[in-house]
Amino acid sequence: NTYELLVQNAEDLIYRCDIQGNFLFLNDICFTKLGYTKDDLIGKSSMTIIDEEYKAELETYYTNHFLSKKHSSYKEFPITKKDGSRVWIGQYVTTLFAAGSDSYINGFIALARDITEDRQKQQLIKEQRDNITSSINYAQRIQLNLLPHKRLFNSYFKDHFITFKPKDIVSGDFYWMEKIDDKIILVLADCTGHGVPGSFMTLLGINLLNTIVHDEQTKDPGSILNELDKRLMEILPRGKGADRMNDGMEITVCVIDDHTTEFSYACAGSRFLIYGNDEFTMFKGDNKHIGDEIHGGFTSYQTNYADLRSTDQLYLFTDGFQDQFGGPNDKKYSFRRILELLEDNVGKPLPDQQELIEEAFDEWIGHGEQTDDLSVISIIRNLV
């Protein structure tokens, strides 16, 4: 009597079926929640309250449970109320073995909970997530279309490769290129953050570069960075407290002369490599990032000069690879490993180098997650 009292007053649906799946017992909450009477269900197949579209799935589930002689299992599915509406339940079914046997099955007992509200919330979350993901995927197409097309690299350079791997669909890295007269201006930038916040910064950076270089015909690397820094500081507030923003970017600006080996550059917290005369040379500029407050006696970004011959290889990169955690000890890849990787493969064609770089990156991550956006660009120039 105590057991029956507990079962009948339980908030969960409790029911027992024979080996053919016919109802032998249902507690009172089953009739209250589903609207059926005892005459409607007792002795009837449990499949009578399952929608046609789910019957085959449930039959397979119960068959597998029976043939495997499982002691218990869990399944979520909808059942149909007498008024035709649906109730989603999460059901734990337990196998009933004959007394003294662990192989002869004589029925099943189930405990089920109404999860309709939870399913509706999950469906709403899924729809919202799908809508957000769809919007971000569309934003990715916009972002990729704003980057220089491959055909421009093919027309301006003898050879090149571009590895561009966002961490979260859209990227906080961007590259940009423009040709003015006989000067090719090539830019690679790493904006604060990644994903959607980082991608907004890339749109701002691309727009400002279009104005500074394309519209105003600025070709000096240092002047480009000074103007970019000034305009970004004007657009993004640098107040105190909640209004304070620390958004900016690490950026390299290279200017390549079409007719001479002259090569000028300016860096804001970044660095790059040139391979020539059988060795790598690293180039750096100013430590101040675009958008950072001025400190340490900084006055302006400086233009630096070097030679870039038609046999040299230029490598631009953001810090996404060197800062990637992975390997056997879950450590950062490091700039030293990048340099070793490039040194081991610098004699190969650039497409082969790209493939090896991407393979090394994927191998280092293993089953982990990418921690930042990754960008690597290498070019071999033309001399007209």
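Structure notes:
- Applying the condition of being farther than 16 Å from I184 by Cβ and of a type outside the set (D, E, K, R) to the stretch 213-235 and asking which residue is most open to solvent (accessible area, probe 1.4 Å) yields I235.
- Hits in the stretch 1-27 - residues which are under 49 Å from the mean Cα position of the chain (by Cα), at pLDDT 90 or above and not in a loop (DSSP other than H, G, I, E, B): L13, I14, Y15, R16, C17, N22, F23, L26
- Any chance Y333 is farther than 29 Å from I169 by Cα and hydroxyl-bearing (S, T, Y): no
- Residues of the stretch 285-304 satisfying the condition of being part of a strand (DSSP E or B) and at pLDDT 95 or above: N304
- Counting the residues of the stretch 343-384 that are closer than 22 Å to R309 by Cβ, touching a residue at least 24 places away in the same chain (Cβ under 8 Å), in a helix (DSSP H, G or I) and open to solvent by less than 50 Å² (accessible area, probe 1.4 Å) gives 3.
- Boolean, Q322 is assigned to a loop (DSSP other than H, G, I, E, B), out of contact with any Leu (no Cβ under 6 Å at 6 or more places or on another chain), open to solvent by 70 Å² or more (accessible area, probe 1.4 Å) and of a type in the set (S, T, N, Q): no
- So D12, is it surrounded by fewer than 16 Cβ atoms within 10 Å (Cβ to Cβ) and either touching a helix residue (DSSP H, G or I) at 6+ places or on another chain (Cβ under 7 Å) or within 21 Å of W88 (Cβ to Cβ) (or both): no
- Checking each residue of the stretch 312-324 against the condition of being within 19 Å of E359 (Cα to Cα), among the aliphatic types (A, V, I, L, M) and under 31 Å from the mean Cα position of the chain (by Cα) gives at least one match.
- Test: residue in the stretch 252-260 that is more than 21 Å from G222 (Cβ to Cβ) and either more than 33 Å from the chain's Cα centre (by Cα) or β-branched (V, I, T) (or both): yes
- Residues that are open to solvent by 90 Å² or more (accessible area, probe 1.4 Å), under 30 Å from K69 (Cα atoms) and not hydroxyl-bearing (S, T, Y) within the stretch 87-143 comprise A99, G100, D102, R113, listed in sequence order.
- Qualifying position, being open to solvent by 30 Å² or more (accessible area, probe 1.4 Å) and touching a residue at least 40 places away in the same chain (Cβ under 8 Å), among K82, K38, K75: K82
- Among the residues making up the stretch 325-342, a single one is of a type in the set (S, T, N, Q) and either in contact with a helix residue (DSSP H, G or I) (Cβ under 6 Å, 6 or more places away or on another chain) or surrounded by 12 or more Cβ atoms within 10 Å (Cβ to Cβ) (or both): S334.
- Just one of (1) under 21 Å from F317 (Cβ atoms); (2) surrounded by 16 or more Cβ atoms within 10 Å (Cβ to Cβ) fails for K183. It is (1).
- Residues that are more than 23 Å from F335 (Cα to Cα), open to solvent by less than 90 Å² (accessible area, probe 1.4 Å) and in contact with a Phe, Trp or Tyr (Cβ under 8 Å, 6 or more places away or on another chain), drawn from the stretch 262-309: E262, F263, S264, T303
- All conditions in (1) surrounded by fewer than 18 Cβ atoms within 10 Å (Cβ to Cβ); (2) within 19 Å of the chain's Cα centre (by Cα); (3) touching a residue at least 12 places away in the same chain (Cβ under 8 Å) hold for P166, with the sole exception of (1).
- Check on I377, touching a Leu at 6+ places or on another chain (Cβ under 6 Å) and within 15 Å of D319 (Cβ to Cβ): yes
- Listed conditions (1) on the phi > 0 side of the Ramachandran plot; (2) free of Cβ contacts under 8 Å to residues at least 12 places away in the same chain are all met by L124, apart from (1).
- Selection from the stretch 325-362 of residues that are within 21 Å of R381 (Cβ to Cβ), within 26 Å of the chain's Cα centre (by Cα) and of a type in the set (A, V, I, L, M): I357
- Residues satisfying the stated conditions in the stretch 56-68, i.e. open to solvent by less than 50 Å² (accessible area, probe 1.4 Å) and modelled with pLDDT of 90 or more: L58, Y61
The values are calculated or read from the model by the stated rules, or taken from the named source; none is laboratory data. Values in this document were obtained by computation on a predicted structure and should not be read as measured data. Positions of Cβ are backbone-derived with ideal geometry, glycine not excepted, and every protein chain shown enters the neighbour counts. The area values use the complete protein model at the heavy-atom level, side chains included, leaving out ligands, DNA and RNA. Shrake-Rupley method; radii C 1.70, N 1.55, O 1.52, S 1.80 Å.
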